[in-house]
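See structure below.
The values are calculated or read from the model by the stated rules, or taken from the named source; none is laboratory data. Here the structure is a predicted model, which means the values were calculated and not measured. Virtual Cβ from ideal backbone geometry, glycine too; neighbours counted across all protein chains shown.
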Amino acid sequence: MVSDSKHWTRRDFMANGGKAAAGLTAASVLVSSGKMEAAPAKSPMTKTQHVIGANGRINMAIIGIRGRGGGLLSSFAKIPNVHIKTICDVDENLFAARVKKIQDAHGYSPGTEWDMRKVFEDPDIDAVAIAAPNHWHALATIWACQAGKHVYVEKPSSHNVWEGRKMIEAARKYDRLVQVGFQNRSIQNVRNAMNFLHGGGIGEVYMAKGMCYKPRNAFAVHPNSEPPAGVHYDMWVGPADYFPYNEGKFHYQWHWHWNTGCGDIGNQGPHQFDVARWGINKNEHPVKIRSFGGYFKFSERVCTQETANTQHAVYEYADGKILQFEVRGLYTNGEADQNVKIGNLFYGTEGWMSLNGSTWKTYMGRKNEPGPSSTSKDVEADPMNLTGAGGGGHFGNFISALRSGKREDLTCDIEVGHMSTVLPHLANISYRLGRDLTFNGKKERFVGDRKADKMLTRKYRKGYVVPKKV
C-alpha cells in the first residue's frame with residue numbers, strides 16, 4: 001500500500017491507481033493493534049459443523065425477515081450454491097409471503113421458525129444472517145457463534161459498546177467468521193476513494209464529516225394493546241427491558257426508542273460513520289466526544305419518539321484530527337458540490353473530497369481545481385474480484401470468505417464493524433447526558449465518569465443475557 005506520507009498528484013493517481021487499489025486488502029483495514037489475532041486451532045463446536053468446500057452448497061438461515069431482512073433473503077438466495085434452509089422471525093404473519101418469494105424465484109421452499117434458538121440447533125445450517133432489531137444483534141451473534149455458525153449481522157453491530165466487545169470475543173473464541181453489514185466496504189468505487197485518500201491524494205486528511213439528511217415524519221401515538229396473533233412478543237423484547245406491546249414501538253418504530261434502537265445516528269448513520277472513520281484512517285477510538293441536538297417540530301401528542309431528529313456530533317482523536325457527524329431529520333439542503341445528503345466529506349492539506357454514495361470527486365488547492373474522481377481512468381477496476389455490483393458485493397464477499405475459511409478475506413470483520421459502531425453509541429451517550437465526554441479507547445471506558453460508564457452497557461432480562469464470559 002502507498003505510504004500515507006506521499007502526496008498524490010493527478011498524474012500519480014492515473015499512473016498508479018490500479019496498482020494501489022490492488023494493494024487494498026481486507027487486512028489493510030483491520031483495526032485494533034494492527035495485528036491479526038490468531039484463530040483457535042479448533043472450534044469447540046466442531047461436532048455440529050461440516051467443512052464448507054470451495055464449490056459446495058452453503059446452507060443459510062435469515063433471522064429477521066421484514067424490511068432489511070427481506071433484502072438479505074433475496075440477495076443471499078441469488079448467490080450460486082447458497083441455499084436458504086430456514087427463515088426465522090418472531091412474527092409468523094410474515095412467513096407465507098417470504099416463502100412464496102423464494103419458491104417463485106428459486107423453486108424451493110425454506111423452512112420456518114419463530115425461535116432463533118431452534119435455528120442454532122440445526123447442524124445443517126452453516127451461517128446465519130441477522131436483521132433483527134438492534135437490541136438483538138449482539139446476543140443473536142454470540143449464540144450463533146457458540147453453536148458453530150458463521151454470521152452476517154446488520155449494522156449497527158451492537159446496541160451498546162460493551163456487548164460489541166463481547167461479539168468480537170465470541171467470534172475469536174469459536175473461530176467463526178462474522179461480517180458486519182457495512183456494504184460500502186465492498187463497493188469498488190468507495191474502496192478506490194479510500195485508497196486514494198490513504199495514498200495522500202488530498203494530502204494529509206485531518207477532518208472527515210458524515211451526513212444523514214433524511215426527512216422523517218412523526219410516528220403516530222398508539223395505546224398499549226395485546227400483540228397481534230402470530231407475534232411472539234416476549235421473544236421480540238428479548239434482551240431489552242420489558243414493556244407492554246405498542247404498535248408505535250414495534251415494526252420499524254423501535255428505531256426511535258432507546259430501549260431497542262439508537263435513533264437515525266445509529267440507524268442510517270453507521271454506514272457514513274464507517275466511511276468517515278475509514279477515510280480519516282483511524283483504527284482507534286476518539287478521546288473526546290460532544291453531541292447535541294433535539295427533537296423538533298412534532299409534539300408528544302403526535303409522536304412518542306425519544307431519539308433526536310436533529311443531532312450533531314464532534315469527535316477529537318489523540319492527534320487532534322476531527323470527525324464530525326450530522327443528522328438532519330427535517331427539511332434541508334445537501335452539502336458541497338454533489339448536494340450530498342447521505343454521504344461524506346473529507347478535508348486534507350492539499351484538497352478535499354466529496355463522496356455521494358459511490359460517486360466521488362476531488363478538488364485541489366486554493367482554486368478548487370478538479371482532481372481525480374470516480375470517473376477517472378482505471379478506477380473502475382475490480383482487483384478484489386468482489387461478487388456483484390454495489391452493496392450486493394458485500395454478501396458475495398461473506399460467502400467467498402466462508403469458502404476460503406480466511407477471516408482476512410472479509411471486507412468488514414466484526415472488529416472493524418465494532419470500531420465504527422462505537423461512534424454513534426458514544427454520541428448518543430453524550431447527547432443524553434448533555435455534556436462533553438473523555439474516552440479511554442484501550443479500556444473502552446470513560447475517564448472518571450461512572451454515570452457515562454453505566455451507559456456503555458445495559459441490564460439484561462433473564463433468559464436473554466449477553467454473558468460476561470462468552
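Considering only helices (runs of 4 or more DSSP H) fully contained in the stretch 386-470, which possess at least 1 residues that are modelled with pLDDT of 95 or more and under 16 Å from the mean Cα position of the chain (by Cα)?
Result: 392-404, 414-433.
For (1) surrounded by fewer than 22 Cβ atoms within 10 Å (Cβ to Cβ); (2) more than 17 Å from P467 (Cα to Cα); (3) of a type outside the set (G, A, S); (4) touching a strand residue (DSSP E or B) at 6+ places or on another chain (Cβ under 9 Å), each residue gets a yes or a no:
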{"site": "W136", "(1), (2), (3), (4)": "no, no, yes, yes"}
{"site": "T141", "(1), (2), (3), (4)": "no, no, yes, yes"}
{"site": "V151", "(1), (2), (3), (4)": "no, yes, yes, yes"}
{"site": "A171", "(1), (2), (3), (4)": "no, no, no, yes"}
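Within the stretch 142-161, can you find the residues that are touching a residue at least 60 places away in the same chain (Cβ under 8 Å) and assigned to a helix (DSSP H, G or I)?
I142, C145, Q146, V161, listed by residue number.
Of all residues in the stretch 55-79, count the ones that are surrounded by 23 or more Cβ atoms within 10 Å (Cβ to Cβ) and either at positive phi or charged (D, E, K, R) (or both).
Number satisfying all stated conditions: 1.
So that you can scan it fast, the table gives a plain yes or no per residue for (1) of a type in the set (V, I, T); (2) over 26 Å from D91 (Cβ atoms); (3) assigned to a loop (DSSP other than H, G, I, E, B):
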| residue | (1), (2), (3) |
| --- | --- |
| W254 | no, no, no |
| W258 | no, no, yes |
| N281 | no, yes, yes |
| E284 | no, yes, yes |
| F292 | no, yes, no |
| K297 | no, yes, yes |
| T304 | yes, no, yes |
| D337 | no, yes, yes |
| L345 | no, yes, no |
